[in-house]
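The values are calculated or read from the model by the stated rules, or taken from the named source; none is laboratory data. All values reported here derive from a predicted model rather than from experimental measurement. As a convention, Cβ positions derive from the backbone with ideal geometry for all residues, glycine included, and neighbour counts pool all protein chains shown. These area figures cover heavy atoms from the full protein model, side chains too; ligands, DNA and RNA do not enter into them. Shrake-Rupley method; radii C 1.70, N 1.55, O 1.52, S 1.80 Å.
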Amino acid sequence: MTEKILIYDKSKPGRTGYTLPKLDSSEKEVLSRIPDKFKRDKDAALPELTEGEVMRHFIALSVKNHHIDTDFYPLGSCTMKYNPKLNDAAASYRDFREHHPLAPCSSAPGMLRIMEMVSSYLGEISGFPYISLQPAAGAQGEFAGLLIMRAYHKANSEKRSKIIIPDSAHGTNPASVAAVGYETLQIKSNEKGIISPETVAAVMDDTVAGMMMTNPNTLGIFESHIKEIAEIVHAKGGLMYMDGANLNANMGIFRPGDVGFDMMHFNLHKTFSTPHGGGGPGAGAIGVAEKFEKYLPFPVLQKEPDGRLWFNYDRPDSIGRLQFFNGNFGNVVRAYAYIKTYGGEGLKKVSENAVLNANYLKEMLRDEYDLPYDNHCMHEFVLSGSRQRKLGVKTSDIAKRLLDFGVHPPTVYFPLIVPEAMMIEPTETESKETLEQFAASMNQIAEEVREKPDYVKNAPYTTVVKRLDEAGAVRNLDICCPE
Ligand SMILES: *Cc1c(COP(=O)(O)O)cnc(C)c1O
């Protein structure tokens, strides 16, 4: 690391980048108005720079990180597609941004109308007519759905304690199960990477509250026995939860509400255009079938015959409130803009192109990498770096080497059932040329693994920092000096 980016190093005494209004009286008089306990003994140690220097500093920092605006980002399961900047502009519209969340509903009929419309669109896309936009993430949507399951069973005086989860599931599924106080009953995927009805039948009994499924699952494969599985679970009094994080593969093609699911969550920040890298704001809206409507988190948006919308807090059967206020409204606006722009036919094309791109990329990579589940894939697919591992190169080394090609690596070591997993989701917004470029980079790395494995093991070579202690970087954050 030779390049210094410490803004303090550029500081020169007396330089400023601001202009303050003139004082309305003497400095001494102004200071006398500030209580002593808020006064400093000495000046704050702030860097002194011009506005232009500050701007260059932050722009220089911004391009040191990889992001979707600089290059390809095939991070499986995260749907890192290009999100139109216009939707950000819509979400930042002043009347939305500055509306106080405690202001009365009557002061924001337009905002309520947007919430109503997004709810109705999500209802149409999913087949679930009752929607809550409140959950702030997919994980919180799961939590809400499981609380609804629990409330439903309790109302029927049933004592059930387990939730069936496939071994390919996202980690948030068992975490949500534990948060609600249920136990996880994990079942194995079959040799095709999907769940067989017999496997569910073998464990389904009256201690099971329900089952969570992801479709397409995290291997990128369509769960083709859902109807049968739902019948088995329902016949023994259980409920079906759909993890809808992979909805980018399904829009206009498969409606969870039509095939036996009882409820689901949506990740507006994956499917419906909110950039969500770095733990940004999310929206994990949930949809439920009619008999679960009364359990939805309160307040619930309600419509009068004259069209007036209001929030109903009087919901005696509700699972309660998941957070203050009514969800991340900015995400809802982006979803509104996204859905309105594409329309129904357009959304279907989004999903079709996501699937087409994934299959095209998979075909270009299958010679050099192992493909443990060799099916037609949906919006993503999972490769294994086992062949490379035998030559001494780990999947994490391949991921690091990819950085030298200006590409964000795929999701690695997940799903857990694939050794040395690389989970690749190209999304629909990438061009044929980008996909070909990525395949060429991956295939070149495979060749390097055969010919000069140490070179791959020491990558990356071109990034600002080399190999970080990733866990340590989060726990002992040092935003000053990347040495
Ligand atoms: C992203 C994801 C989740 C969790 O969503 P968050 O918004 O990150 O909490 C759950 N399941 C799957 C399959 C996912 O990809």
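Looking for whichever is open to solvent by less than 30 Å² (accessible area, probe 1.4 Å) and in contact with a Phe, Trp or Tyr (Cβ under 9 Å, 6 or more places away or on another chain) here; the options are 309, 347. Which one fits?
On inspection, the qualifying residue turns out to be 347.
Suppose we filter 63, 30, 118 for residues that are modelled with pLDDT under 90 and farther than 30 Å from residue 463 by Cα; which single one remains?
Answer to the check: 30.
So which residues in region 396-419 are touching a Leu at 6+ places or on another chain (Cβ under 9 Å) and open to solvent by less than 30 Å² (accessible area, probe 1.4 Å), if there are any at all?
409, 410, 411, 415, 418
When you go through (1) within 16 Å of the ligand (Cβ to nearest atom); (2) in the same structural domain as residue 145 (by TED's automatic domain parsing) one by one for residue 321, which number turns out not to apply?
It is condition (1) that residue 321 fails.
Restricting attention to region 87-113, which residues are open to solvent by 80 Å² or more (accessible area, probe 1.4 Å), over 20 Å from residue 342 (Cβ atoms) and outside any loop (DSSP other than H, G, I, E, B)?
94, 95, 97, 106, 109
Residues are listed down the side, and each one gets a yes or a no for (1) buried (at least 23 other Cβ atoms within 10 Å of the Cβ); (2) polar (S, T, N, Q); (3) outside any strand (DSSP E or B):
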position	(1), (2), (3)
253	no, no, yes
270	yes, no, yes
273	yes, yes, yes
281	no, no, yes
292	no, no, yes
298	no, no, yes
315	no, no, yes
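Mind telling me which of the residues 355, 382 ends up being touching a Cys at 6+ places or on another chain (Cβ under 9 Å) and open to solvent by less than 30 Å² (accessible area, probe 1.4 Å)?
Just a single option satisfies the conditions, and that option is 355.
Which ones in region 164-194 are in contact (Cβ under 8 Å) with a residue 60 or more places away in the chain, in contact with a Leu (Cβ under 9 Å, 6 or more places away or on another chain) and not in a loop (DSSP other than H, G, I, E, B)?
164
Would you check which residues across region 267-280 are more than 10 Å from the ligand (Cβ to nearest atom), farther than 10 Å from residue 83 by Cβ and at pLDDT 95 or above and list them?
Once the filter is applied, which keeps residues that are more than 10 Å from the ligand (Cβ to nearest atom), farther than 10 Å from residue 83 by Cβ and at pLDDT 95 or above, region 267-280 yields only 271.
If you scan region 222-250, which residues turn out to be away from the ligand (no atom under 13 Å from the Cβ) and of a type in the set (A, V, I, L, M, F, W, C)?
Those that are away from the ligand (no atom under 13 Å from the Cβ) and of a type in the set (A, V, I, L, M, F, W, C): 222, 226, 229, 230, 232, 233, 235, 239, 240.
Exactly one of (1) closer than 30 Å to residue 433 by Cα; (2) touching a residue at least 12 places away in the same chain (Cβ under 8 Å); (3) buried (at least 17 other Cβ atoms within 10 Å of the Cβ) is unmet by residue 342. Its number?
Failing condition for residue 342: (2).
Return yes or no: is residue 262 within 11 Å of the ligand (Cβ to nearest atom), closer than 21 Å to residue 174 by Cα and modelled with pLDDT of 95 or more?
In short, no.
Assess whether residue 116 counts as being more than 22 Å from the chain's Cα centre (by Cα), exposed (fewer than 15 other Cβ atoms within 10 Å of the Cβ) and either away from the ligand (no atom under 16 Å from the Cβ) or in contact (Cβ under 8 Å) with a residue 24 or more places away in the chain (or both).
no
Are any residues in region 166-208 away from the ligand (no atom under 16 Å from the Cβ) and hydrophobic (A, V, I, L, M, F, W, C), and if so, which ones?
The answer is 185, 187, 200, 201, 202, 203, 204, 208.
Restricting to region 69-86, and then to whatever is more than 17 Å from residue 282 (Cα to Cα) and assigned to a loop (DSSP other than H, G, I, E, B), can you tell me which residue is nearest to the ligand (Cβ to nearest atom)?
So, considering only residues that are more than 17 Å from residue 282 (Cα to Cα) and assigned to a loop (DSSP other than H, G, I, E, B), the one nearest to the ligand (Cβ to nearest atom) is 76.
I'm checking my understanding of the structure. Among residues of region 153-164 that are closer than 25 Å to residue 246 by Cβ and touching a Phe, Trp or Tyr at 6+ places or on another chain (Cβ under 7 Å), which one is farthest from the ligand (Cβ to nearest atom)?
Looking at the filtered set, the residue picked out is 162.
For region 397-411, how many residues meet the condition of being outside any loop (DSSP other than H, G, I, E, B) and in contact with a strand residue (DSSP E or B) (Cβ under 6 Å, 6 or more places away or on another chain)?
The total comes to 2.
Looking at residue 201 and the list (1) surrounded by fewer than 18 Cβ atoms within 10 Å (Cβ to Cβ); (2) part of a loop (DSSP other than H, G, I, E, B), which single condition is not satisfied?
(2)
Filter region 1-27 down to the residues that are of a type in the set (Lys, Arg) and either modelled with pLDDT of 90 or more or within 30 Å of residue 467 (Cα to Cα) (or both) and list them by number.
Answer for region 1-27, where residues must be of a type in the set (Lys, Arg) and either modelled with pLDDT of 90 or more or within 30 Å of residue 467 (Cα to Cα) (or both): 4, 10, 12, 15.
Can you tell me which of 144, 136 is modelled with pLDDT under 95, under 26 Å from the mean Cα position of the chain (by Cα), within 16 Å of the ligand (Cβ to nearest atom) and under 26 Å from residue 78 (Cβ atoms)?
Every option except 136 fails the conditions.
Kindly establish whether residue 211 is more than 19 Å from residue 200 (Cα to Cα), away from the ligand (no atom under 13 Å from the Cβ), open to solvent by less than 10 Å² (accessible area, probe 1.4 Å) and under 22 Å from the mean Cα position of the chain (by Cα).
So residue 211 fails the test.
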